[in-house]
Amino acid sequence: MAVVIVADKNILWQEWAINDFTEGLIDRVEDDLLPFNATSDCQNFIARKVGSLQKRRGQARWNSSALPGPVHGIYAYYTSTNGYLIAAAGDAVSYWDSNDSVFRSLKTGLDLYAPTCFETCVNYMVAFNGVNAPWKWDGNTISSLANAPSDGQFAVLFKEKLFTVPKSTPSTVCWSDSFQPESWPAVNYWDVRKGDGDVITCLKVHYDELIIFKRRSISVLRGTNLDDFRLDIPDNSTGCVGPFAAVSVGPYLYFISDDGLCVWNGARTVNLSREKIPNLWARVNKEYIHKAAIGYWNGLVWAAVPLDSVQYNNAVLIYYPPEGGATGGKFWLWTGINASCFLRYGDKFLSGDATGGYVNRQDYGTDDFGDAINAYWVGKAFDIVQAERKCRFGWAVIQDSGDASAGDVNIQFSIDYGNYVDLVAGEYDNLVRRYNFFDTYTGRYLKPKIVHNALGGCEVRGIKVFFMPFTRGL
């Protein structure tokens, strides 16, 4: 923030300016304690460097013809000769035929809603959903996965063994023999805090360990086989909410718990959202949080959750970690993204659609399936000079990047914590637009709101407000 003196027709105007938006969303403090470069409310904006507030990029349909229902699993399966994009939607699993740009059905008659987990073994891909018997596909032939637990609900390859959790014994992990996904000796199992009133919700391989999440605990399986396996329980209070709600990023494992977005560093758990966005997290629909999904793309952690009374993931909490670390990052809220699961597919980032039979490409283009992305950023209310003195507000200026017309960006203001009001649009070019206050606009506090609801991208470099303090007290 800067204040300077501007001469205009023998009147001394002062200038307030802000061009740093990088602190992100913070809702745990009152407005007067908010950092100058933070926002108390935002949607579909992000700032990753000083002098640049950007609207998020858009979404596009991967498939133009809808699959038979909402997507509940996507996977990339690579053979020695081909790569396949796999999608579980409705009662079917399909693969993408790049020659004709359509999904081809692989297997039908499956459960309509059960999350489907895939894994690649030596000679084939396997699929588990906890309801239908697990099966395999080698790129040509589909067949049953012999001897595997019929109600296995996860599929993770660890130490060359295929691990799963039977739905009928949800506190027990079972595994196959090494390199033999169809050999499941009865002795290959481990009970994980059986009888604690909780169930296993997610399995993730993280470095040389198998992380076993329950809803309220984290267990770590170390070793190579049954002779030397060791199970430790480093956290008995925090866990993961569902099978798609954890992702590894280098030495860190990010996951969604009932209490917030968390990170596991191999030794302890840190709740990242508690100190920054507790009020936003309170809006998450805990009844359906088991559907939450998480992904990592372009240096950002994407946490898809159901907000308010919605029963599917309708928003994404974006977490921007600091360079070289996991804690101390910034939060942003992106809406209009209904993601049931995420997948990095080559140089593209995909999500399953939680409401329809589509795979969607994320971070692509400047619109959501042809519609404009509605975005706004709300700044701190500033007492321009001294709280006990009123000011006359003259005009405001938005500085744009030049990549998109500044005429599409609007700025609104709340004066003395009143309703947001539009200003009178003035002259503009592709870099700067002026907005004029009405002559009667006076007050002590000024709260800015940047809005962009038009098609196309948007990057704001800064805003300036020109004002004149009253010469007489109140």
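Quick notes on this one:
- Test: residue in the range 206-213 that is crowded, with 20+ Cβ neighbours inside 10 Å, among the aromatic types (Phe, Trp, Tyr) and under 23 Å from Asn265 (Cα atoms): yes
- Condition check for Ala87: open to solvent by less than 50 Å² (accessible area, probe 1.4 Å), part of a strand (DSSP E or B) and of a type outside the set (S, T, N, Q): yes
- Test: residue in the range 428-437 that is assigned to a loop (DSSP other than H, G, I, E, B), out of contact with any His (no Cβ under 6 Å at 6 or more places or on another chain) and in contact (Cβ under 8 Å) with a residue 40 or more places away in the chain: yes
- Filtering Leu272, Leu253 for residues that are in contact with a strand residue (DSSP E or B) (Cβ under 8 Å, 6 or more places away or on another chain), open to solvent by 10 Å² or more (accessible area, probe 1.4 Å) and at pLDDT 95 or above leaves a single hit, Leu272.
- Taking every residue in the range 14-28 that is more than 12 Å from Lys330 (Cα to Cα) and open to solvent by 20 Å² or more (accessible area, probe 1.4 Å) and pairing it with any residue that is hydroxyl-bearing (Ser, Thr, Tyr) and in a strand (DSSP E or B), at least 6 positions away or on another chain, yields no pair with a Cβ-Cβ distance below 6 Å.
- Scanning the range 366-386 for residues that are loosely packed, with under 15 Cβ neighbours inside 10 Å, part of a loop (DSSP other than H, G, I, E, B) and at pLDDT 95 or above turns up Phe369, Gly370.
- Of the criteria (1) modelled with pLDDT of 95 or more; (2) open to solvent by 40 Å² or more (accessible area, probe 1.4 Å); (3) within 20 Å of Asn236 (Cα to Cα); (4) not aromatic (Phe, Trp, Tyr), which one Glu182 fails: (3)
- Listed by first and then second residue, the pairs linking a residue in the range 353-373 that is farther than 25 Å from Arg104 by Cα to a residue that is among the aromatic types (Phe, Trp, Tyr) and assigned to a strand (DSSP E or B), with Cβ atoms under 6 Å apart and 6 or more places separating them unless they lie on different chains, are Asp363/Phe349.
- Summed over the range 319-337, residues that are open to solvent by 40 Å² or more (accessible area, probe 1.4 Å) and on the phi < 0 side of the Ramachandran plot total 5.
- If you go through the range 107-158 and pick out every residue that is assigned to a loop (DSSP other than H, G, I, E, B) and crowded, with 17+ Cβ neighbours inside 10 Å, you end up with 17.
- Any chance Asp259 is open to solvent by 60 Å² or more (accessible area, probe 1.4 Å) and modelled with pLDDT of 95 or more: yes
- Hits in the range 8-55 (condition: in a strand (DSSP E or B), at pLDDT below 95 and β-branched (Val, Ile, Thr)): Ile11, Ile18
- Every condition in (1) in a loop (DSSP other than H, G, I, E, B); (2) touching a strand residue (DSSP E or B) at 6+ places or on another chain (Cβ under 6 Å); (3) free of Cβ contacts under 8 Å to residues at least 60 places away in the same chain; (4) crowded, with 16+ Cβ neighbours inside 10 Å is met by Phe163 except one, and the failing one is (1).
- Unmet requirement for Asp235, which otherwise passes all of (1) acidic (Asp, Glu); (2) open to solvent by 60 Å² or more (accessible area, probe 1.4 Å); (3) touching a residue at least 24 places away in the same chain (Cβ under 8 Å): (2)
- Single residue of Gly357, Gly352 found to be out of contact with any Phe, Trp or Tyr (no Cβ under 7 Å at 6 or more places or on another chain), surrounded by 20 or more Cβ atoms within 10 Å (Cβ to Cβ) and under 19 Å from Ile318 (Cβ atoms): Gly352
- Scanning the range 387-433 for residues that are at pLDDT 90 or above, aromatic (Phe, Trp, Tyr) and open to solvent by 20 Å² or more (accessible area, probe 1.4 Å) returns Trp395, Tyr420.
- Of all residues in the range 92-103, those that are over 19 Å from Val126 (Cβ atoms) and either in contact with a Ser or Thr (Cβ under 8 Å, 6 or more places away or on another chain) or open to solvent by 50 Å² or more (accessible area, probe 1.4 Å) (or both) total 6.
- Within the range 338-349, the only residue that satisfies the criterion of being hydroxyl-bearing (Ser, Thr, Tyr) and either on the phi > 0 side of the Ramachandran plot or crowded, with 21+ Cβ neighbours inside 10 Å (or both) is Ser340.
- Residue list for the range 35-60, filter: in contact with an Asp or Glu (Cβ under 9 Å, 6 or more places away or on another chain) and either among the aromatic types (Phe, Trp, Tyr) or farther than 22 Å from Asn410 by Cβ (or both): Pro35, Phe36, Val50, Gln59, Ala60
- Where Lys204 falls short, out of the listed (1) at positive phi; (2) within 22 Å of the chain's Cα centre (by Cα): (1)
- Residue count for the range 58-84 under the criterion of being closer than 30 Å to His452 by Cα, open to solvent by less than 80 Å² (accessible area, probe 1.4 Å) and in a strand (DSSP E or B): the result is 2.
- Restricting attention to the range 280-299, the residues that are β-branched (Val, Ile, Thr) and assigned to a loop (DSSP other than H, G, I, E, B) add up to 0.
The values are calculated or read from the model by the stated rules, or taken from the named source; none is laboratory data. What you see is a predicted model; the values in this text were computed from it and never measured. Please note: Cβ atoms are built from the backbone with ideal geometry, for glycine as well, and neighbour counts cover all protein chains shown. With ligands, DNA and RNA removed, areas are computed over all heavy atoms of the protein, side chains included. Shrake-Rupley method; radii C 1.70, N 1.55, O 1.52, S 1.80 Å.
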